[in-house]
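The values are calculated or read from the model by the stated rules, or taken from the named source; none is laboratory data. Since we're looking at a predicted model, the values are computed, not measured. Please note: Cβ atoms are built from the backbone with ideal geometry, for glycine as well, and neighbour counts cover all protein chains shown.
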Amino acid sequence: MKGTVLQTLALALLLPAVATAEPAIYKVDADHSGVSFSIRHFVSNVSGRFRDFDGVIKYDKANPAASSVEFTVRASSIDTTNNDRDEHLRSKDFFDVQKFPTLTFTSTSVLPKDATTLDVTGNLTLHGVTKPVTFPVSLLGTVKTPRGEKAGFETTFKIDRKEFGILWNNVLDSGPVLGDDVKVTIEVEADRQVDVPVKK
């Protein structure tokens, strides 16, 4: 009887620790990740990317709903392989990088759809405007390397630039030069951060 009581007590003490286990923390490896976009120009699409970004992903394999993400992009790092166009995009007509230097996303909820897909909802701040967005994230897997564990994530979604106050366009007889919808693709390889034990 005494042994059973002790076992029950030990289990009761252990369960709260298991239930409150922290998600694994991953830091975005910018050298092996990418943030790109495309927008309609007349009858084709023009693409570009941002070179400077970082983020932290907290991912709980056992309970994906406990996961979260924070992501920041430096607007001035925009690159469409055309210097004149890039300077225009940095100007007040578009990103106005002097006034709004960053694009940020902070998740508010994560909903598992299936074994490899999550619906991530959060606040996207672009051009000084914050709006809630939801987009699907594909889990590309995890792998252990000599330098530690890596995790892969990928998402593609669309936003309406006008909803974020980016209104510039040029209308010709044939119609507007630019479309309103911007297709965004984010591919992430992230490094798991080593848990540092707390000294007592």
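Residues in the stretch 114-141 that are crowded, with 16+ Cβ neighbours inside 10 Å and within 29 Å of residue 179 (Cβ to Cβ): 118, 120, 122, 124, 125, 126, 127, 133, 135, 137. Of 103, 111, all but one fail to be of a type in the set (A, V, I, L, M), modelled with pLDDT of 95 or more and either surrounded by 15 or more Cβ atoms within 10 Å (Cβ to Cβ) or more than 24 Å from residue 191 (Cα to Cα) (or both); the exception is 103. Kindly indicate whether residue 144 is surrounded by 17 or more Cβ atoms within 10 Å (Cβ to Cβ) and either basic (Lys, Arg) or more than 20 Å from the chain's Cα centre (by Cα) (or both). Answer is no for this residue. Restricting the search to strands (runs of 3 or more DSSP E) fully inside the stretch 24-100 and requiring at least 1 residues that are of a type in the set (Asp, Glu), modelled with pLDDT of 95 or more and within 22 Å of the chain's Cα centre (by Cα) gives 53-59, 68-74. With the condition kept exactly as written, say whether any residue in the stretch 29-47 is free of Cβ contacts under 8 Å to residues at least 12 places away in the same chain and within 27 Å of residue 142 (Cα to Cα). Looking through the stretch 29-47, at least one residue is free of Cβ contacts under 8 Å to residues at least 12 places away in the same chain and within 27 Å of residue 142 (Cα to Cα). Counting only strands (runs of 3 or more DSSP E) that fall entirely inside the stretch 128-195 and contain at least 2 residues that are over 22 Å from residue 35 (Cα atoms) and either of a type in the set (Phe, Trp, Tyr) or at pLDDT below 95 (or both), no element qualifies.
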